[in-house]
Structure formats: C-alpha cells, structure tokens
Amino acid sequence: MLERWKIVLLLSPALVIIAGLFLGGLILGLIGSLGYMPLLGREEFNLNAYRNILASERFYLSFLLTFYIAFTSTVIASLLAIGAALILRRSFIGRSVINFLFQINLTVPHLVGAVGILYLFSQSGFFARLAYEFEIITKPSEFPALIYDPLAIGIILQYVWKEVPFIGLILLANMQTIGRDYEAAARVLGASRWQCFRHVLLPLLFPGLLAAAMIVFAFTFGAYEIPALLGQNYPSALPVLAYQAFTDVDLNARPEALAMGMIIALLSVIMIFGYAHLARRYVRS
Amino acid sequence: MRILPAVMCDLEKELEVKRQRIESGEGLSWLTWFSLILLISWLILPLIPLAVWSISRSWFFPDITPSAYSLRAWSYVFSNTSEVLPALGVTTLIAFCATIVSAVIGVPAGRALGLYQFRGKAAIELLILAPTIVPGIAVALGLHVVFLNIGLAGSYLGVLIVHLIPTLPYMVLVMAGVFANYNPNTEAQARSLGASAIQTFYYVTLPAILPGLLIGSLFTFLVSWSQYILTLLIGGGRVVTLPLLLFNFASAGRNDITGAISMIYILPGVVLLLLGARHLTGRNSAAESLRQI
C-alpha cells in the first residue's frame, strides 16, 4: 500500500506535465479541427475542415508526396543500415575510428544536414561544379534538379543521410544481444553465408528493424524544416502545408491546419502501437 | 536416433571454431572496404561544404574551391551587431533550463519505472514514449491557442514549456534504464545507520546514478538544442534560436554566414559524441530516443 503511494508520488509530476502538454495539445487540436474555437467566436462542432481538405487536390498531392518521401527514405535507410551493421560488427583494423565516423551525424541536427545537402546538390552546388569540371554540363541549369524537385530527391537524400546511422546503431545493439551462436550453428549445419543471413540473422533482427523503421517513418512524415528548406512549393509536404494554413491570414484556414495536424498525429499513433506491439513481442521471445 | 558421444564432441568443437571465426572476422575484403569508405564519406560529405563556406570570401560557379578565403563570416557572427550571439545565448539558456526541469521531474519518474512493477505500467510507458514519436507540429498547433490566451506564446517561458514535450519523456526513459540496474538496498542500509532522506539521496543515490544522469542530461540538452518547429510555432518569431536563424540565412542565400552558424550549431553534439560515444553504442533506449535530435 505504502509502495503504491510512493510510485504515484514519484510518477505524478512527470505524468501531469506530459499528459497536460502532449495529450492536451492533441485534444485541443482535435477540438479545433472540428471547428470549435470559442476564442475566435466559433462555438459549434462540424466536420467542415475535414470535408474541405479531403475535397482539395492540394491535400491529396501533399499527402501522397509526404507518404512517398517517408516510405522511400525509410526503406533505403533500412537497407543501407543493414549492410553497414553487418560490416561494422566484424572486427577489422581501424574499427573504432570508423565506428566514430559512422555515428558523427547522429548528433548533427537535421537542419544542418539539409543545408549541407543543399550546398552539395543544388544546381550551382558542389556536384554541379564537379560535373562542369568534367565537361558533363556547360551551365548550372543543365544539372538535374535535385532540390525543389517533384521527386523530392534532395529531401530523401537528407533523410537517408541522417537515418542510416540511427537504424544501423539499433541493429548493431540488437546483433550484440542476439550473439553469434545461432549463426555458427547454422554454418556448421551447412548453411551458406547468404542462407545464414536470410534464414537466421534477418528473422532475428526483423522486429528491432521494423520498430526502428516505424520511428523513422513517423518522424519523416511529420518533419517540417527539411521539406520547408529543400522542397518545392506545390505540392508541398503535409507539415509544410499545415504550417502555411495555420499562419494564413484567413482564420478559416485554421481548422484545416489542425485537421492536417490530426492526420499526421493519427499516422504516428498507428506507428506507436505497431512499435509497442513489436517491442513486447521482442522482449517475450 | 542417438548420436554417438564422440560425434557430439566433434560437432561441438567445430561449432566453437566456427563461432570464433565469425567473431574475429577474417578481415574485410577490398569490396567491403570500398563500400564502407563510400558510406562513411557520404555521411561526412554534407558537413564539408558548410565548413568551407564559413571561411570563403567568394566561391562562384563553377569553382570547385573558393577563389578567395576570409574570416568575414566569422567576424560577423561574433560582432556585436549580429543576431547570432544573442540567439546562441537564448538557445543555450532554453536548453539548459529544459534539461534542469526535465531532470528534477524525470529522475523520480524514471525511478518509479525502473525499480517497481505495478498495474498499468505498460500504458504509462506508452504515454511517455508517445511524445518522442508523434511529430511536434501536431501537438504544438493544438497548444498554440491556449498559449496565446495565457500570454505564453512568443515568450521564452512558453518556448521552454513546449520544449519539455520532447525533453521530459527522453529523460524519464533514460533514467528508467539507469534505475533498472540500480540496487535500492544500499539506501535502506544508509537509513538504518541514521542518515536522513536528504543525506541518503546525496551520499548514496546520487553518486550511483550520476554517470547515467550526466549522459542523459547532455542528450536532453541536445534534444532541446535541436528543436525547430516547436520554437517557431510557440515562439512566433519573437524567440529566435540558432536553428531559426540558420534557416533564415540559408533561405536568404547567405552561404558564408550559414556555414559559420552551422559550425557553431553542431559543436555541442560533436563534443558530446566524443565524450559519450562509448555509452551510446549498445544502449538501445538512448539511441532510439536520438530521433528527437
């Protein structure tokens, strides 16, 4: 009994703040998206905001673009991270230096990476200059547009750059927990290196990989500053569209901005439940 | 079917040899080295033009390297008229305060989650995990009206409070990990020898959790340091932190100043990595929550 009160006492300040700010923000967003904004003189509930955005082409294009960016960059980053983790777990000369370099951009903020990508891949950027040097192009505009482009290549490059070390590190930690015994047993029993990876290591890594990929997907789906800096104007990524609607002089656009926020939140909540499910299964096994 | 003991023994020996061979590795083939070097270069590459831009005077297309170098951008950054130093101060102050508040509130919560089993623990862990995954923009859009109404929008305090959404859960998760490996019996011993609750905390608990608390605090600092959209939405442009300034200079095409601000902006993270790289690898929860940065 005493212990229960102790737990409540220890937890409640953190829970009050997290619930108040986080759940509070989401609930207020939901209410606002339903058109109820007493501070703006609106006191009725309706689904107009959702109806409006679901009827607009702009929203669909933004949603598809954002989904495409998040999905593509997560898949590419996951594949590269698997490869990197497989190499980095082996012992070789210079491993600690390589390991450090592999982690270095973990603490570099996304925005810095985005600016770096901009200076590398824009039409007057480093690679365009290199192409000019080798006489592949004669003027900047001949360099393929990789920034502000419809395929969002610059944005995807930035996310891949940032997420490979993150997923890779989680995979390395998982590999350490799993150990080598299963693989060694498979090899002794005659499995080839590929079979050993495909049928032994990958299934063991999969829950951890999927969990990491879900976190990355949720993040890339809701990130603002990278598409704002590297993305085209139309269609823009969903968080950028939401921000634009929110800061619009026309206050009627506010509920629509909040509705878009809710859609972003809903998608990440699905990811959280997937993550929690996987984490629990992983702990049990 | 029964396997003869001798065969068993052979199999075991072979298994051991195989295991050792996989563990020690057979070195890397040149192809593996090549892909590894390629990957590492790609991870470092975007930082290089930023560093070069910060010391270049003119660097026009199609020059591969700047045609003239100068420290103009750096002297601007450190001059009294630039906005960079105030922004650096504001960013540091907000991150520092967010870390202190997160530690004071997060350490007890981490203790509860790390040491005790209780009903509803899974749900509480989920609630604490959620803010590290749900994008800040979805939460901040909803909070904005209330912050505006109570005068917190556009204020340093408002930005500090909204930064707690990612920093506090992060600290709680790290501390839960620390307390999961902590033995509370020593506290009971100290108490039975006559130490007060404060003495017990100061002389027994704190030294035991200090390494984890320090690493957790440094990363919490970095989580706040890296926030963009929360600051933009709640600060409303009146609270100017380094990332906001960086974004503005980058979109205005001032590459040299952007480069210099970038170098300042990544400094704490790189220092932290040098200090804490060992602690980072292999600790899952800390690495996973790096998503906030």
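Where a number appears in this text, it was derived from the coordinates with a stated rule and is not lab data. Source: prediction; values computed, not measured. Ideal geometry is used to build each Cβ from the backbone, glycine not excepted, and the neighbour counts take in all protein chains shown.
Some values worked out for this structure:
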| quantity | calculated |
| --- | --- |
| One residue from B:VAL139, B:VAL159, B:VAL146 being buried (at least 21 other Cβ atoms within 10 Å of the Cβ), within 8 Å of chain A (Cβ to nearest Cβ) and part of a helix (DSSP H, G or I) | B:VAL139 |
| Extreme residue, nearest to B:GLN227 (Cα to Cα), among residues of region A:54-109 that are charged (D, E, K, R) and part of a loop (DSSP other than H, G, I, E, B) | A:ARG89 |
| Odd one out for B:GLY194, checked against (1) out of contact with any Gly (no Cβ under 9 Å at 6 or more places or on another chain); (2) surrounded by 12 or more Cβ atoms within 10 Å (Cβ to Cβ); (3) outside any helix (DSSP H, G or I) | (2) |
| Candidate set from region A:104-117 (those that are at the interface with chain B (Cβ under 7 Å from one of its Cβ atoms) and of a type in the set (A, V, I, L, M, F, W, C)); member that is farthest from B:PRO49 (Cα to Cα) | A:LEU106 |
| Sole exception among (1) in a helix (DSSP H, G or I); (2) more than 12 Å from chain B (Cβ to nearest Cβ); (3) surrounded by 19 or more Cβ atoms within 10 Å (Cβ to Cβ) for A:GLY35, by number | (1) |
| Of all residues in region A:66-103 being charged (D, E, K, R) and without any contact (Cβ under 8 Å) to a residue 24 or more places away in the chain, the one that is farthest from the other protein chains (Cβ to nearest Cβ) | A:ARG95 |
| Verdict on A:ALA237 being within 12 Å of chain B (Cβ to nearest Cβ), more than 20 Å from B:LEU230 (Cβ to Cβ) and touching a residue at least 24 places away in the same chain (Cβ under 8 Å) | no |
| Every residue from region A:120-168 that is outside any helix (DSSP H, G or I), touching a residue at least 60 places away in the same chain (Cβ under 8 Å) and in contact with a helix residue (DSSP H, G or I) (Cβ under 8 Å, 6 or more places away or on another chain) | A:ILE147, A:TYR148, A:ALA152 |
| Selection status of A:PHE221, aromatic (Phe, Trp, Tyr), assigned to a helix (DSSP H, G or I) and over 17 Å from the mean Cα position of the chain (by Cα) | no |
| Flag if A:ILE53 is surrounded by 15 or more Cβ atoms within 10 Å (Cβ to Cβ), in contact (Cβ under 8 Å) with a residue 24 or more places away in the chain, touching a helix residue (DSSP H, G or I) at 6+ places or on another chain (Cβ under 6 Å) and among the aliphatic types (A, V, I, L, M) | yes |
| Leading residue by the ranking (nearest to A:PHE217 (Cα to Cα)) among those in region A:248-265 that are more than 9 Å from every other protein chain (Cβ to nearest Cβ) and not charged (D, E, K, R) | A:ALA259 |
| Flag if B:ALA123 is within 30 Å of A:GLU256 (Cβ to Cβ) and either assigned to a loop (DSSP other than H, G, I, E, B) or among the aliphatic types (A, V, I, L, M) (or both) | no |
| Qualifying residue in region A:74-96 (condition: among the β-branched types (Val, Ile, Thr), touching a Ser or Thr at 6+ places or on another chain (Cβ under 9 Å) and surrounded by fewer than 23 Cβ atoms within 10 Å (Cβ to Cβ)) | yes |
| Total residues in region B:58-90, condition of a type in the set (Ser, Thr, Tyr), in contact (Cβ under 8 Å) with a residue 12 or more places away in the chain and in contact with a Leu (Cβ under 9 Å, 6 or more places away or on another chain) | 0 |
| Among (1) among the hydrophobic types (A, V, I, L, M, F, W, C); (2) more than 7 Å from chain B (Cβ to nearest Cβ); (3) closer than 30 Å to A:MET262 by Cβ - the single one A:LEU21 does not satisfy | (2) |
| Scope region B:108-121; condition at the interface with another protein chain (Cβ under 8 Å from one of its Cβ atoms) and either surrounded by fewer than 23 Cβ atoms within 10 Å (Cβ to Cβ) or within 24 Å of A:ASP248 (Cβ to Cβ) (or both); matching residues | B:PRO108, B:TYR116, B:PHE118 |
| Meets criteria (in contact (Cβ under 8 Å) with a residue 60 or more places away in the chain, within 11 Å of another protein chain (Cβ to nearest Cβ) and touching a Pro at 6+ places or on another chain (Cβ under 8 Å)) for B:VAL223 | yes |
| Residue within region A:44-66 that is within 21 Å of A:VAL164 (Cα to Cα) and not small (Gly, Ala, Ser) present | yes |
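Each row is one residue, and each column tells you yes or no for (1) in a loop (DSSP other than H, G, I, E, B); (2) in contact with a Ser or Thr (Cβ under 8 Å, 6 or more places away or on another chain); (3) more than 21 Å from A:LEU23 (Cα to Cα).
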position	(1), (2), (3)
A:LEU229	no, yes, yes
A:GLN232	yes, no, yes
A:SER236	yes, yes, yes
A:LEU251	yes, no, yes
A:GLY261	no, yes, no
A:ILE264	no, no, no
A:GLY274	no, no, no
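Rundown of residues vs (1) touching a Leu at 6+ places or on another chain (Cβ under 9 Å); (2) polar (S, T, N, Q); (3) within 12 Å of chain A (Cβ to nearest Cβ); (4) part of a helix (DSSP H, G or I), yes/no style:
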{"position": "B:GLN189", "(1), (2), (3), (4)": "no, yes, no, yes"}
{"position": "B:VAL204", "(1), (2), (3), (4)": "no, no, no, yes"}
{"position": "B:GLN227", "(1), (2), (3), (4)": "no, yes, yes, no"}
{"position": "B:VAL240", "(1), (2), (3), (4)": "no, no, no, no"}
{"position": "B:ASN248", "(1), (2), (3), (4)": "no, yes, yes, yes"}
{"position": "B:ASP256", "(1), (2), (3), (4)": "no, no, yes, yes"}
{"position": "B:LEU267", "(1), (2), (3), (4)": "no, no, yes, yes"}
